[in-house]
Amino acid sequence: MREVLDDIDRWRAAGHRVAVARVVGLDGSGPRDPGATMVVNDAGEVAGSVSGGCVEGAVVSAALELLEGTRPRGVISFGYSDDEAFAVGLTCGGTIHLFLEPLDW
Amino acid sequence: MSTPDPAPLYEVLRATLRGDRPVALATVTEGPGLGAKLLVRPDEPVVGTLGDPGLDRVVGRDALAELDAGLTATRHYGAHGEARERAVTVFIESFAPAPRMVIFGAVDFTAALARVGKLLGYRVTVCDARAVFATRARFPMADEVVNEWPDRYLAGVADRLGPRDAVCVLTHDAKFDVPAIVGAVSTRVGYIGAMGSRRTHATRLERLREAGLDDAGLARVMAPIGIDIGARTPEETAISICAEIIAQRAGVVVPNLCDGAGPIHRPPGD
């Protein structure tokens, strides 16, 4: 979170709404530890990361759905153990759990 | 587009992080009150609620413990904070202040080590008793440049050094590095490394024993400092030192120079 404060400040000053995705859990091998944070604004701009670039594209799509109101806040997972793995898997073979929410707190 | 409504809890988090003060953020990630938050700081009132006073009390206590240990983890609770139940999943994220790297000796290697220390997220202090060397102009990358004797500087910050912090002694001069090492060993600092050849360190060991260090204290000192990657330049040496710090924290076995034999600087191509 610390590393994206400047981006959040800038976006909010410009009137953007912001979605926050944080790594809350890992099964097996994962590139980033719990707490790794990525933020996405309603214009699709991105700061921070939650993996080694493996799932960021999918997180942007989910974040935009969240900000548009077509996806609820909650945990989303990426990895070999679910269907989404085949679309956007982690190269390291683990499963990553993210908590995605709007910055409305 | 209008500016979003003020978000009080985030504002407290933001201000605390900007001030580099410790804070933990607990978020309900599954169960009733999804997304509810509790922000916990040592010796300050909590902000927010997870929706139940019992849950707030237990999570607040756990969050302070996680923060003290610098841990970030997901935990499960009953709806009112009961242990061994799983009605509520709470993600507790610790934001500990940046770890400290204290470098004694304002030499060429110091600038490179300070740069790599900053890259790794350390709050870097350069300390040297010689005012002509310890200047801001020579170490603009450091957070702090202190003109002080090592033992006096360490006495002032001893209670702020802990397992996540590092002390690197690059002075190359017994009259500075003996008090720096003795002072560092008296703290809880996680990593202590001292530069110098094996011969220099053998002589230094005698002086350190004379200064009162026992075997347990001496065992904490990584000297010669760094791991054996054939480093030659100040920058390569800085990488070698930081690799040793990372490996020690992670508990990973690496070829530490202090466990080897023979010259530290091999001729190129050897």
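Just so it is clear, none of the values below were taken in a lab; they were calculated from the coordinates. In this text, all values refer to a predicted model and were calculated from it rather than measured experimentally. Please note: Cβ atoms are built from the backbone with ideal geometry, for glycine as well, and neighbour counts cover all protein chains shown.
Report the calculated FRET efficiency for B:E44 and A:R71 (r = Cβ-Cβ distance, R0 = 51 Å), to the nearest 0.05. Walk me through the numbers on the way to the answer.
Details: r = 35 Å, r/R0 = 0.68.
Efficiency at R0 = 51 Å is approximately 0.90.
Relative to 2.2 N^0.38 Å, what does the C-alpha radius of gyration of the range B:12-95 come to as a ratio? Two decimals please.
Numbers: Rg = 11.8 Å, N = 84, 2.2 N^0.38 = 11.8 Å.
Computed over Cα atoms of the range B:12-95, the ratio equals 1.00.
Please report the spacing between the Cα centers of the range A:1-56 and the range B:12-57 in Å, no decimals.
For the range A:1-56 versus the range B:12-57, the Cα centre distance is 19 Å.
Taking Cα atoms, how many degrees apart are the long axis of helix A:56-68 and the longest axis of chain A, rounded to 10 and kept between 0 and 90?
The angle comes out at about 50 degrees.
State log₁₀ I(q)/I(0) for the range B:100-259 at q = 0.11, 0.19 Å⁻¹ as given by the Debye formula over alpha-carbon point scatterers of equal weight, solvent excluded.
Taking Cα atoms of the range B:100-259 as identical point scatterers yields -0.37, -1.22.
What list do you get for B:S94, B:S197 if you sort them by fewest beta carbons within 10 Å?
Ascending number of Cβ neighbours within 10 Å: B:S197, B:S94.
Which residues' amide hydrogens lie under 5 Å from the amide hydrogen of B:R123, considering only partners 5 or more residues apart or on another chain, with H built in the peptide plane?
B:R100, B:M101
For chain B, just run the numbers: alpha carbon Rg, then divide by 2.2 N^0.38 Å, N being how many residues it has.
Dividing the Cα Rg of chain B by 2.2 N^0.38 Å gives 1.22.
Taking the Cα of B:L218, stepping 7 Å toward and past its beta carbon, and measuring to each backbone N in the range B:188-208: which are under 16 Å?
Only B:194, B:198-208 fall inside the zone, counting backbone N under 16 Å.
Grab the alpha carbons of the protein assembly as shown, take their convex hull, and tell me the volume per residue in Å³. Please list the in-between numbers first.
Details: hull volume 66.2 nm³, N = 375.
Convex hull of Cα atoms, per residue: 177 Å³.
Please list the non-local residues whose amide H lies under 5 Å from the amide H of B:I192, H modeled 1.01 Å from N, same-chain partners needing a gap of 5 or more.
B:V167, B:M222
Using alpha carbons only, how many degrees (0 to 90, rounded to 10) separate the axis of helix B:8-18 from the longest principal axis of chain B?
On a 0 to 90 degree scale, this one is about 0.
Report the Cα-based extents of the range A:1-86 along its three principal axes, largest first, to the nearest Å.
Rounded to whole Å, the extents work out to 39, 28, 18 Å.
Where nothing but the Cβ of Lys and Arg (+1) and of Asp and Glu (-1) is charged, how large is the charge dipole of chain B around its Cα centre, in debye to the nearest 20? Show your work: numbers first, answer last.
Working: 31 positive and 34 negative charges, 94 e Å.
The calculation lands at about 460 debye.
Explain nothing, just compute: Karplus ³J(HN,Hα) = 6.51 cos²θ - 1.76 cosθ + 1.60, θ = phi - 60°, for every residue of the range B:54-61 in order, whole Hz, x for Gly and Pro.
Result, rounded to whole Hz: x, 4, 4, 5, 5, 5, x, 5.
What angle do you read, to the nearest 10 degrees and between 0 and 90, between the alpha-carbon axis of helix B:234-250 and the longest principal axis of chain B?
Result, in degrees: 50.
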